[in-house]
Amino acid sequence: MRDFGTRAWNGEDAMASLGGDHGHAYLAWAALALGMARLVDPAFPADLARSTMRLIAAYERRLLASATRIESRPIREAYPTDVAAVAGAIALHTP
C-alpha cells in the first residue's frame, strides 16, 4: 500500500511525511487492520504498534485541522470510505 500511495503522491511516502499535512487516507485501511490485530494479539510487535501510533497521531491532527476532509490522493481527492477508515483506525487505537 505504501508503494501505491508513494506513486500516487508523486514520490511522497506516507510514513516519511507524517509531519506534513497531506492526508494519505488510503493507508488507514492497513492501520485499521493493525488496530484489530493489536486488540486480539497480546504478542503484537511493539515496533509495529509504535509506527502505527505515529500514523494515527498524524491522522488525528490532519482530521482535526480540516473542516471537510482528509485526502486520499493528491489534488484534494477525498473518498468517504477512506475517511471512514481513518476514523475507525483512530477509534481502535484510542484507549
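What percent do you get for the relative contact order of the chain when only Cα pairs under 8 Å and 6+ apart count?
38 percent
Evaluated with a Cβ-only charge set (Lys, Arg +1; Asp, Glu -1), segment 10-95 carries a dipole of roughly 160 debye about its Cα centre, given to the nearest 20.
So what is the calculated 222 nm ellipticity per residue for the chain, using -39500 (n - 2.57) for each DSSP H run with n of 4 or more, over all residues, to the nearest 500 deg cm²/dmol? Computed mean residue ellipticity for the chain: -18000 deg cm²/dmol. Averaged over its residues, the chain has an accessible area of 57 Å² per residue, based on protein heavy atoms and a 1.4 Å probe.
Which angle from 0 to 90°, rounded to the nearest 10, does the C-alpha axis of helix 28-40 make with the longest principal axis of the chain? So the helix axis and the longest Cα principal axis differ by about 10 degrees. In order along segment 63-73, phi translates into HN-Hα couplings of 5, 5, 7, 10, 6, 10, 6, 10, 5, 8, 9 Hz, rounded to whole numbers, per the Karplus curve 6.51 cos²θ - 1.76 cosθ + 1.60 with θ = phi - 60° and x for Gly and Pro. Packing order of peptides 5-12, 61-68, 23-30, highest average first: 23-30, 5-12, 61-68 (average count of other Cβ atoms within 10 Å over each peptide's residues). Go through [x] 1.02; [y] 1.08; [z] 1.14 and flag the label whose value is the computed Cα Rg over 2.2 N^0.38 Å for this structure. Read-out from the structure maps to [x].
The values are calculated or read from the model by the stated rules, or taken from the named source; none is laboratory data. Values in this document were obtained by computation on a predicted structure and should not be read as measured data. With ideal geometry, Cβ positions are generated from the backbone for all residues, glycine too; neighbour counts draw on all protein chains shown. For accessibility, only protein heavy atoms count, side chains too; no ligands or nucleic acids. Shrake-Rupley method; radii C 1.70, N 1.55, O 1.52, S 1.80 Å.
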